[in-house]
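> Take this structure first; my questions come after.
The values are calculated or read from the model by the stated rules, or taken from the named source; none is laboratory data. The structure presented is a predicted model; accordingly, all values stated were derived computationally and were not measured. Quick reminder, even Gly has a Cβ in these numbers, built from the backbone with ideal geometry, and neighbours come from all protein chains shown.
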Amino acid sequence: MRPRIKASLCTGCGLCADACREGAISIVDDKAIISPDKCLLCGECIPACPEEAITSHEQGYRIVVGGRLGRHPRLARELKGLYSLEQAKLILWRLMHMHQTAFDQGVRLSSLIFQLRLPTTI
């Protein structure tokens, strides 16, 4: 969920900032402000607000690709944005198709993604 603050309803109580595990919300001049660079779009701040000053501006799925565990672990990369269910299915299909067409025995999808230097949008 992409949260949005209605400044006119915000009392600056700080409960939303307390609920945010990423520290993406700060209280400035008795109003909550969301830092988009820190926000992970989890939506935990929304039910924490007793004034209902925070609403969901946009809902969808976050997609991370290319991570793996094992002897050579690698963190996945997040595709920027929120995606609808239909978009997420299409991205999954494209990734599976890419892996099938470029398949070499023993090459993992995460290796293929990093070899091809896929953009953070598909």
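> What tally of residues in segment 51-73 results from selecting those that are modelled with pLDDT of 85 or more, in contact with a Phe, Trp or Tyr (Cβ under 9 Å, 6 or more places away or on another chain) and more than 18 Å from C20 (Cβ to Cβ)?
3
> Counting residues that are buried (at least 18 other Cβ atoms within 10 Å of the Cβ), which strands (runs of 3 or more DSSP E) fully inside segment 4-60 reach at least 2? Walk me through how you get there before you give the answer.
Details: elements: 25-28, 31-34, 54-58.
Filter on segment 4-60 gives 31-34.
> Another question about this same structure. Considering every residue within segment 83-93, establish whether at least one is part of a strand (DSSP E or B), in contact with a Ser or Thr (Cβ under 7 Å, 6 or more places away or on another chain) and either within 30 Å of L9 (Cβ to Cβ) or not polar (S, T, N, Q) (or both). Walk me through it before giving the result.
Restricting attention to segment 83-93, the residues satisfying the condition of being part of a strand (DSSP E or B) are 83.
Adding the requirement that they be in contact with a Ser or Thr (Cβ under 7 Å, 6 or more places away or on another chain) leaves none.
The answer is no, given that none of the residues of segment 83-93 is part of a strand (DSSP E or B), in contact with a Ser or Thr (Cβ under 7 Å, 6 or more places away or on another chain) and either within 30 Å of L9 (Cβ to Cβ) or not polar (S, T, N, Q) (or both).
> A follow-up question, please. When only residues in segment 61-75 that are touching a Ser or Thr at 6+ places or on another chain (Cβ under 9 Å) and outside any loop (DSSP other than H, G, I, E, B) count, which is surrounded by the most Cβ atoms within 10 Å (Cβ to Cβ)?
Result: V65.
> Within segment 76-94, how many residues turn out to be within 18 Å of R2 (Cα to Cα), surrounded by 11 or more Cβ atoms within 10 Å (Cβ to Cβ) and among the aliphatic types (A, V, I, L, M)?
3
> Could you please tell me which pairs satisfy a Cβ distance under 7 Å, a separation of 6+ or placement on different chains, a first residue in segment 6-29 that is without any contact (Cβ under 8 Å) to a residue 12 or more places away in the chain, and a second residue that is in a helix (DSSP H, G or I) and surrounded by 14 or more Cβ atoms within 10 Å (Cβ to Cβ)?
Close Cβ pairs satisfying both conditions: S26/A17.
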